[in-house]
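One structure is given below, encoded as structure tokens.
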Amino acid sequence: MRRNQAQVLSTQYSVLSTEQGLPILAPGHVAVLSGELGLGMTRLGLVMLSGYTEGTVAYLDVRGWLSPVAAWEVGIEPDRLVIARCNEVIRWGRAAAALLDGAIAVMAEIPVGVKDASVRKLAALARNRGTPLLLRPIDRSVPTGVAHLVLNARETTWEGAVDGHGRIEQRKTLLTASGKAMKGMTRTIKMEDDGSNALRLVSGVAATETRSAAG
């Protein structure tokens, strides 16, 4: 990663950041992106992958929902992107391990039914390979001690779209950040975009949660 493409987010964060202020994991570190479906964590993960500008990045899709266009729109070049699909619990670990062997950074959804031992084994392999790993659990928790950084989506508010129709004019998502990367602290941060492909982390920490409904 070129130095002019990453900067220290703040003295309270031990991860690097993209130009949007979103974190980039150090080699071998594991992050967990958790929260209910629909709160934008897949997009956040793709933006984090886009921060790795040299080599191939990979996404393990267990739901069959990911469109390559979504990755291209956040800046991942088509010839640097590998998307693998595997929703079989038994084969999931082997598929993810294969991606770790060939990619500079990997994001892997975790299907329902995967055992904790399989998740721990994959995290250990990522550390051994020195490959950053983003885990997106689907309706399950991740074993304690696996993640260097945990980003948990709490709620999303938006303007400009009603009942799934229309163009989003502004969207804000509150997340909590915790883990070793946060030096033992849990902080609430805000991520926002204007409905375009731009996504950024708002500077500063949200001291209180808003009363808006989650979407």
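Highest-first packing order for the peptide set 73-81, 175-183 is 175-183, 73-81, based on the mean count of other beta carbon atoms within 10 Å.
Normalised by 2.2 N^0.38 Å, where N is the number of residues, the C-alpha radius of gyration of the stretch 3-151 stands at 0.96.
The lysines within cross-link reach of K115, meaning a Cα-to-Cα straight distance under 24 Å and a gap of 8 or more places when in the same chain, are K180. Net length available on complete extension from K190 to E54 is 46.1 nm, with 0.36 nm assigned per residue and the Cα-Cα distance removed.
Of the residues I83, L39, I110, the one whose Cα sits farthest toward the positive end of the charge dipole of the stretch 3-151, with +1 on the Cβ of Lys and Arg and -1 on the Cβ of Asp and Glu, is I110.
Considering only beta bridges that DSSP places wholly inside the stretch 3-151, some 15 percent are antiparallel. Enumerate the amide H contacts of L135 below 5 Å, restricted to partners 5 or more residues apart or on another chain; note that Pro and chain-start residues carry no placed amide H. The answer is A31, V32, L33, A108.
Bear in mind that the values in this text are calculations on the coordinates, not laboratory data. Because the structure is predicted, anything quoted here is derived from the model rather than measured. All Cβ positions, even for glycine, are placed from backbone atoms using ideal geometry, and neighbour counts span all protein chains on display.
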